[in-house]
Amino acid sequence: MVVRRPPGRRAQILAVAADRFHRSGYHQVSMTEVAAGVGITAPALYRHFRGKPELLDRAVRLGLDALADGLRTARTTVELGAALAAVAVGHRPLGTLVQRDARLLPPARRAELRRELRTHVALMTAVLRAERPELARADAELLCWSALSGCAGLSYLSVAPQPRRAEALLRELVAAVLAVSLDGTAAGPEAAPVPQPRPQARREELLAAAVRLFHQRGFDNVSTDQLGAAVGISGPSVYRHFDSKADLLAASLVRSRERLWHQVDGAIATAAGPRAALAAGLGAYVDFALRNGDYLGAMLSETERLAPPDRRIAVDFRRDFLRTWVGLLRQVRPEEDAVAARIRVHALFSLVNDGVRNRPHSARPDLGDCLRRLGRAVLGVPE
């Protein structure tokens, strides 16, 4: 007897897997859970896919193929915006899968993914420069990467917005980003020299090293020996300062959150009026991101690795931080409701977080000024 598989079963599996990875994080999702979401057994799932890595790879590829199809026929920046918005809404998990989980793919596949994205940006850049021939190629590429990142921010909304409305707003955001002028951007101040650590600052050294290594390699791929070597001690000596690697992760994210809140909230609190507060908060967030890209990356990718109580605290912080920005933006733009404001704020965070980590543009001396201009564009508060 031949058992026929339902048509579209692979697509159904990929949709469920992408949604589970998006909501819970790759490490927190089992093949059994994906199978249950589809209504089949785990052995049946393995007849379609060899394991979670292949599921993640195929889920990412599905979204990028849709993006390629949309961009291939775009001839104007309006059509670029329509393509980006349609993919962001129709493949909402794609943003988190690319920004957070794709680094868990094998190195060769990660390199291929990066090449695909560069190809997409090259197509967008050609369209943009046809309409804005005054743009230098590097500036046009930065605008196109920023448009991609801003649309990816939709992935981080806790509740999916109404599709047609979300697409319309994303098209507007893309148009605003691609219209930004980068003429006259100013280089930021040179970073202050890092003082030599004192012996009693070993714990602080470990916190900084942990954020950097967890972001670059992932929590599971960093050993205590590597953590110790990063600060000049043996691996077992790490346990003089922290009970476990998980405790070190939690403490490093707590310390970084405290610094983020202190810097941004301090800037907002001392500003005169909502518009000035929003501008001050944007400037403070960009400045923090430029100096703490490792933390922003680790916060995005490693929060799921925290123990449940620590994870709840981290999620509550992000929710409160978002609420602060949404409330402030709605004071400046009272015509927009909370959903539109959340889409704009998530686009801002995604754009800035990607911008400080996206080489070669992250090495631009004027990147801070560029990101502030782009941030104002997605928030809808141009100067």
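The values are calculated or read from the model by the stated rules, or taken from the named source; none is laboratory data. None of these values were measured; they are calculated from a predicted model. Neighbour counts are summed over all protein chains in view; Cβ atoms, including those assigned to glycine, are modelled from backbone coordinates with ideal geometry. Each accessible area value is taken on the protein alone, full model and side chains, heavy atoms only, with ligands, DNA and RNA left out. Shrake-Rupley method; radii C 1.70, N 1.55, O 1.52, S 1.80 Å.
Quick notes on this one:
- Where Trp325, Trp261 fall by accessible area, highest first, once all protein chains stay in place (1.4 Å): Trp261, Trp325
- Its DSSP H runs of at least 4 residues, each contributing -39,500 (n - 2.57), put the calculated 222 nm mean residue ellipticity of the chain at -22000 deg cm²/dmol, to the nearest 500.
- Average accessible surface for segment 230-383: 43 Å² per residue, computed with a 1.4 Å probe over protein heavy atoms with every protein chain in place.
- Taking a ≥ b ≥ c as the square roots of the eigenvalues of the Cα gyration tensor, segment 106-262 is classed as prolate, since a/c reaches at least 1.5 and a/b is larger than b/c.
- Solvent exposure of segment 1-152 as accessible area per residue, Å², 1.4 Å probe: 47
- Remark: segment 197-342 is approximated by an ellipsoid whose semi-axes, taken from the C-alpha gyration tensor as √(5λ), come to 34, 16, 11 Å, largest first.
- Expressed as a whole percent, the accessible area of the chain that falls on carbon and sulfur atoms is 54 (1.4 Å probe).
- Prolate/oblate/rounded call for segment 282-348, Cα gyration tensor, a/c under 1.5 rounded: oblate
- If the convex hull is drawn through the Cα atoms of the chain, its volume per residue in Å³: 157
- Taking 0.36 nm per residue of separation and subtracting the Cα-Cα distance, full extension of the segment from Ala42 to Val315 would add 95.2 nm.
- Gyration tensor verdict on segment 54-167 (Cα atoms; rounded if a/c is under 1.5, prolate if a/b is larger than b/c, oblate otherwise): oblate
- Unit charges on C-beta of K, R, D, E only; dipole of segment 156-307, Debye: 140
- Gaussian network model of the chain, Cα within-10 Å springs - most flexible of Asp354, Asp225, Asp366: Asp225
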